[in-house]
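A quick write-up on the structure given underneath.
The values are calculated or read from the model by the stated rules, or taken from the named source; none is laboratory data. Keep in mind it's a predicted model, so treat the numbers as computed, not measured. Note that we place each Cβ from the backbone using ideal geometry, even for glycine, and neighbour counts take in every protein chain shown. For the accessible areas, the whole protein counts, side chains as well, though only heavy atoms, and no ligand, DNA or RNA atoms are used. Shrake-Rupley method; radii C 1.70, N 1.55, O 1.52, S 1.80 Å.
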Amino acid sequence: MKESKSGSAPDQNHVDPDNGSNEKRTFDRPTQELFKSMKHNKSIATLLLIAAVMTTAQPLRAEEIAPATSEPITLDEALRMTREHNPRALQAVEEVKAADAQVTRGRSGYFPHLSASAGYRYLDPVAEANFGGATIQFVPNDNYDARVTAEMMLYDFGRTGRTVDLAKAGRNSAGIRQEITLRDLSLATIRAFYSVLFLQEAVSVQQKEIDALQKNLDHMQKRYDEGAATRFDLLTTQVRLAAAGNRKIDYETQLHNQEIALRRLCGLDEQAPLNLSGSFDITVADKDANRLAAAALEQRPELMLARENLKAASYKKSLAGKEFLPKIVGSASWGTANGYMPDIDKMRTNVAAGVELQVPIFDGFGRSAALREAAAMKRSAEQQQLDTEQMAQAEIRQSLNDLKSSEQKIETTCLQVSQADLAAQHARIRYDNGLATTLDLLDAEAALAEAELAHLQARYEYVLNAYDVRRASGDLIAQKQEKGS
């Protein structure tokens, strides 16, 4: 394309950028005259220029449109989507809101309760008296009454306070259960995420073995056609290839299932593409069992929940002991009603106030049963706390043992991969030179694929065991993940 000279006028020549040739497009003279006449009206001229370009420009070709690409999903992004979109996570949030409303409901006992009422009542007969031949009616047949009443608990021996304490313990428990739910969802997402990565690598390794077997099969077919190989050698290679294909199908099926699970956890559409970005290169910061056990006793949510359950059981026992105590209730009302002498039909304003002492006498042995229930629940909560502490310490040591085993497997399988790769290279050279049988070559290829899968499996298990250590120590898996994950 030729460039315009600096002194050329833009309204004389126009170069079509979509035209492959170097020809210049010249507007006709009426158009040129129109541009010149609108020289001082820049806005209208600009609009006309845009319209001219739109009418003369060629449409974009399909290959010029950039294809839509999905951004890679990291582990942090998957965890964020799970916490924001998973129904179980949203359910836990609503349960916390419900528990918080329960606290407000318990505090309502500290405030007066206001109510309004209005009514009509017809009476017949009514009280009457006859004085000097005249009948005087003391109560009207039509009775109207409207009033506003305020009632408030003046003293209940701490029952309302214990109710509020119990509601607060429930709110704390709901918050801890939310943390446990989010942590479990995060761990499920982590397992699904790394399972997809593992199975993708497994399919790749299996495809590598299939390619090698297919290459051997083609070579074997040529040798068989030339009479240098037997039918048994050809069938053996075909069977090995078919077995490798079946293993790949199994891995692909597991991969699709894990992708479905990951989409469900993250709240993604069933057809949404999964372009994961991650690796198995993570490290564990602390492997000291004593420090991890101390951290678990301090911050593990199951232990915190057990402590809150014990508090709630104590509050329930205290509340059950106060249920049979008296209550002092005050009330006041203001309203209007008829029926007052001397004009019983006239509506009159009235006020009423009083204090009432309510003393329970017999409740059918309900108080004693409630006390026994609360005491048993408290003892149960104590045993639950003890069991949770023992379980946390045991899980710390078990997860560390599994992690140590995974580390050792990574080292051994790494050596196995190196040895199997070298053996496969030698087997191919020996086979090409006629110094090894077909079975020797196939065994070497299978051993290499098996060693690579074992090494991949060891790295995959190490990642999961590392997160199990974090979970056992009380980590909520909420902070930034390690590099490469």
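Observations on the structure shown:
- In segment 156-206, the residue that is nearest to the chain's Cα centre (by Cα) out of those that are under 30 Å from Phe324 (Cα atoms) and of a type in the set (Gly, Ala, Ser) is Ala174.
- Residue in segment 405-426 that is hydrophobic (A, V, I, L, M, F, W, C) and open to solvent by 80 Å² or more (accessible area, probe 1.4 Å) present: yes
- Per-region count, segment 435-444, residues in a helix (DSSP H, G or I) and either open to solvent by less than 10 Å² (accessible area, probe 1.4 Å) or farther than 17 Å from Leu241 by Cα (or both): 2
- Tally of residues being open to solvent by 40 Å² or more (accessible area, probe 1.4 Å) and in contact (Cβ under 8 Å) with a residue 12 or more places away in the chain across segment 265-285: 7
- Checklist (1) at pLDDT below 90; (2) surrounded by 15 or more Cβ atoms within 10 Å (Cβ to Cβ) applied to Lys222, failing item: (2)
- Strands (runs of 3 or more DSSP E) (entirely within segment 96-190) containing at least 2 residues that are open to solvent by 80 Å² or more (accessible area, probe 1.4 Å): 113-122, 128-131, 142-155
- When Arg291, Arg367, Arg264, Arg307 are screened for being assigned to a helix (DSSP H, G or I), more than 42 Å from the chain's Cα centre (by Cα), over 30 Å from Arg121 (Cα atoms) and not polar (S, T, N, Q), only Arg367 passes.
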